[in-house]
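Structure record follows, encoded as structure tokens.
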Amino acid sequence: MALPSAAFPLTLPAGMRATRAMQALLSLLPAQPPAGWTEALVEAALQQRGIGVNRVTVYRALDRLTQAGRLVRSVDAQRTGRYWVA
């Protein structure tokens, strides 16, 4: 029986700084919504946790995690980037 993805926390890729925002993002991502994460959903979820981040920080973090193979990105019909834990 497979465990849910939340049982496997994401780890920080080598060479990435462990900022407060990045650590919060890594702990948040495994609890992904069925339609995947969008930048706006990530930003709102982090702000609900008391982590104030701006849009550019979230986009950069998502991009770096995608490049490191921790996330998979796709673009939907409305040209919205969606992210899933790899």
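The values are calculated or read from the model by the stated rules, or taken from the named source; none is laboratory data. All values derive from a computational prediction rather than experimental measurement. Neighbour counts are summed over all protein chains in view; Cβ atoms, including those assigned to glycine, are modelled from backbone coordinates with ideal geometry. Please note that ligands, DNA and RNA were not included when accessible areas were found on the heavy atoms of the full protein model with its side chains. Shrake-Rupley method; radii C 1.70, N 1.55, O 1.52, S 1.80 Å.
Observations, loosely collected:
- Restricted to the chain, the set of helices (runs of 4 or more DSSP H) holding at least 2 residues that are hydroxyl-bearing (Ser, Thr, Tyr) and either modelled with pLDDT under 90 or open to solvent by 50 Å² or more (accessible area, probe 1.4 Å) (or both) comprises 55-67.
- Residues in region 19-41 that are within 10 Å of the chain's Cα centre (by Cα), more than 13 Å from Gly52 (Cα to Cα) and in contact (Cβ under 8 Å) with a residue 12 or more places away in the chain: Leu26, Ser27, Leu28, Leu29, Pro30, Ala31, Gln32, Gly36, Trp37, Thr38, Glu39.
- Cβ-Cβ contacts under 6 Å between residues 6 or more apart (or on different chains), taken from a first residue in region 55-83 that is farther than 20 Å from Ala24 by Cβ to a second residue that is open to solvent by 60 Å² or more (accessible area, probe 1.4 Å) and assigned to a loop (DSSP other than H, G, I, E, B), are listed as Gly69/Ala86; Val72/Ala86.
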